[in-house]
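The values are calculated or read from the model by the stated rules, or taken from the named source; none is laboratory data. Keep in mind the model is a prediction, meaning the values are calculated, not measured. Neighbour counts are summed over all protein chains in view; Cβ atoms, including those assigned to glycine, are modelled from backbone coordinates with ideal geometry.
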Amino acid sequence: MPSHGNTAAESSQPLVQDILQQFQFDSDDVRNVTRKFLQQIKDGLDHPRPWQLPSFVYQVPDGSEKGTFLAVDLGGTNCRICLVDLLGNSTYKVLQTKRMVPEHLRINPRYEPLFSFIAKALREFLDQHEVRPQTDCDSAAQSIPLGFTFSFTCEQTSISQGTLIQWDKGWDIPEALGKDPCAMLQESIDKIKLPVQVSALANDSVGTLLSRAYTTQEHGSTLAGVIIGTGTNAAYIERMCNVRRLPTPGTKRMHENIVLNTEWGCFDDDLQVLPITSYDRALDASSINPGQQQLEKRVSGMYLGELMRLVILHCHEQGVFNMVLDDESPCNRQYGLDSSLLSLLAQDGTVGCLDGAKAIERVLSAHSVTPSDARILTRLADGIARRSARLVGSALGAIIIQSGRFFDLQSEKATVQVTSLQTHQHDNPTPKHRKRGCELFSRISCYFKGFIPSPTESQVSGEKTLNRGSEQDVIDIGVDGSLIELYPGFEAHIRSALRDIQEIGREGEGKVRMGLAKDGSGVGAALMANAAKSIWP
């Protein structure tokens, strides 16, 4: 039997190598994707595209915010209800419950069954925790404000209103398209006379950014929030003067910045630069939204598991493995695997050990898994996950470049150097040609600053708080999601891609800190409800 295993592994190496080569994503690929995404970012600033969507949040939290808010987080396969107490000092308390949304509600011709389900779950939560006011009333002033994290593509028209553009992550409710998620939820809430006012439409990536900004000690350094879980998305702070798609010049004059929801899952849907393997084609063709969300289908946990399943099936059919898949194996069922398998295979010590083989057998409903099988599965999973992370790094790099944050840091450093030089040479007047050079440098700096927006930070748990001076050198990124949290080395692969981008390089990557945004969809929704309170007192 061992001899058979070795022979199978050796004879299968060309196929395994071919698959790994298909998932290779090198430095040139990174730069091409970043360049394309930067073009798409700028296009979304100028024109009303289904990406670069304004959130109507103009100021990020500083940790001093206080208040009690409800939050509903809808996305993936779950509905989570939270009661959030913002305590100030960058702290908060959360009570929460989670319900799985049945498939017949996620795929349904009508929207009412889904939102009735949420409203009834909300009523049970309020009763359980005794937070419901004594008298039912319709007055928004006497209602509990609720932030609604709706993790699907919406075009927002205000902080509390929006239009659903498309479903993803396996959801499909046609009647809801073109309607306001907040209005649909409020309709169901009002039917059962709950004293709750849906006051903010929150996106999970926007919420992640706000939660990170609220909890980090280096206030003002957070640039973006990135989700890498069941789905993927990002939000970042853009300079208002760059958002030409907004038709309200008065608003632009009132605010310096705005948080944008990139909806980067749909970037490059025409596949000009994204990598394409035979497995990507098969996944897309059998999905409920062929031709859409192409980046998400190469990055997010929901689809990485499916890519892995397709690869395993192909290898199994070609006799690569010694293991035998049972008839009821999740490998035989569409979306039967998720990214947890990839995380399992990436754990140190899993490959080659008995417990690791048993874990693989349990997850795949297989038997006779050999060390050779485990090694091949691990290599395949690593190739799929590595490509995902480097794609995230490519997209994040485009945001950092567009934000101008790194260019701002370089300009500040250059200004300090010039000032120091002038104080030491005050007796020597600057020649005219040097003055012209300084003026040109100033114009170039202003150009980049005017064409690009805000901050990012990646913070490691336990890292010492930066002082005010070093804070200026930080680009802070709040991250959330099972892949970035649970897959070993995912952040390292993101960083390798950032270093491959010429405009960022090793110096720029070193200024990026990534830190988990605690409960971005719950606390972030509460922070948006708080922001709505200041906009609509």
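Yes/no matrix, rows are residues, columns are (1) of a type outside the set (F, W, Y); (2) out of contact with any Leu (no Cβ under 8 Å at 6 or more places or on another chain); (3) surrounded by 20 or more Cβ atoms within 10 Å (Cβ to Cβ); (4) at pLDDT below 90:
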{"site": "S368", "(1), (2), (3), (4)": "yes, yes, no, no"}
{"site": "I400", "(1), (2), (3), (4)": "yes, no, yes, no"}
{"site": "D408", "(1), (2), (3), (4)": "yes, yes, no, yes"}
{"site": "T419", "(1), (2), (3), (4)": "yes, yes, no, yes"}
{"site": "Q425", "(1), (2), (3), (4)": "yes, yes, no, yes"}
{"site": "P429", "(1), (2), (3), (4)": "yes, yes, no, yes"}
{"site": "G437", "(1), (2), (3), (4)": "yes, yes, no, yes"}
{"site": "L440", "(1), (2), (3), (4)": "yes, yes, no, yes"}
{"site": "R443", "(1), (2), (3), (4)": "yes, yes, no, yes"}
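Taking the stretch 500-520 as the range and being surrounded by 20 or more Cβ atoms within 10 Å (Cβ to Cβ), out of contact with any Leu (no Cβ under 9 Å at 6 or more places or on another chain) and in a helix (DSSP H, G or I) as the test, only D500 passes.
When the helices (runs of 4 or more DSSP H) confined to the stretch 225-316 are screened for residues that are at pLDDT below 95, those reaching at least 3 such residues are found at 249-254.
Restricting the search to the stretch 1-31, which residues are of a type in the set (D, E, K, R), at pLDDT 95 or above, part of a helix (DSSP H, G or I) and surrounded by fewer than 16 Cβ atoms within 10 Å (Cβ to Cβ)?
D18, D28
Selection of the stretch 191-223 for residues being small (G, A, S) and buried (at least 24 other Cβ atoms within 10 Å of the Cβ) yields S199, A200, A202, S205, G207, S211, A213, S221.
Got a sec? Which of L114, L105 is modelled with pLDDT of 95 or more and in contact with a strand residue (DSSP E or B) (Cβ under 9 Å, 6 or more places away or on another chain)?
L114
Screening the stretch 302-336 for residues that are hydrophobic (A, V, I, L, M, F, W, C), touching a residue at least 40 places away in the same chain (Cβ under 8 Å) and over 23 Å from S482 (Cα atoms) and picking the one that is surrounded by the fewest Cβ atoms within 10 Å (Cβ to Cβ) gives V324. Under the condition of being in contact with a Leu (Cβ under 8 Å, 6 or more places away or on another chain), surrounded by 13 or more Cβ atoms within 10 Å (Cβ to Cβ) and over 13 Å from F117 (Cβ atoms), the residues counted in the stretch 85-101 number 5.
For L209, the requirement of being assigned to a helix (DSSP H, G or I), out of contact with any His (no Cβ under 9 Å at 6 or more places or on another chain) and either in contact (Cβ under 8 Å) with a residue 24 or more places away in the chain or not polar (S, T, N, Q) (or both) is met.
Among (1) closer than 27 Å to V226 by Cα; (2) at pLDDT 95 or above; (3) not hydroxyl-bearing (S, T, Y), there is one condition L325 misses while meeting the rest; what is its number? With (1) closer than 27 Å to V226 by Cα; (2) at pLDDT 95 or above; (3) not hydroxyl-bearing (S, T, Y) applied to L325, the lone miss is (1).
Quick one: would you say N108 is at positive phi, out of contact with any Ser or Thr (no Cβ under 6 Å at 6 or more places or on another chain) and surrounded by fewer than 23 Cβ atoms within 10 Å (Cβ to Cβ)?
Taking the combined requirement at face value, the residue does not satisfy it.
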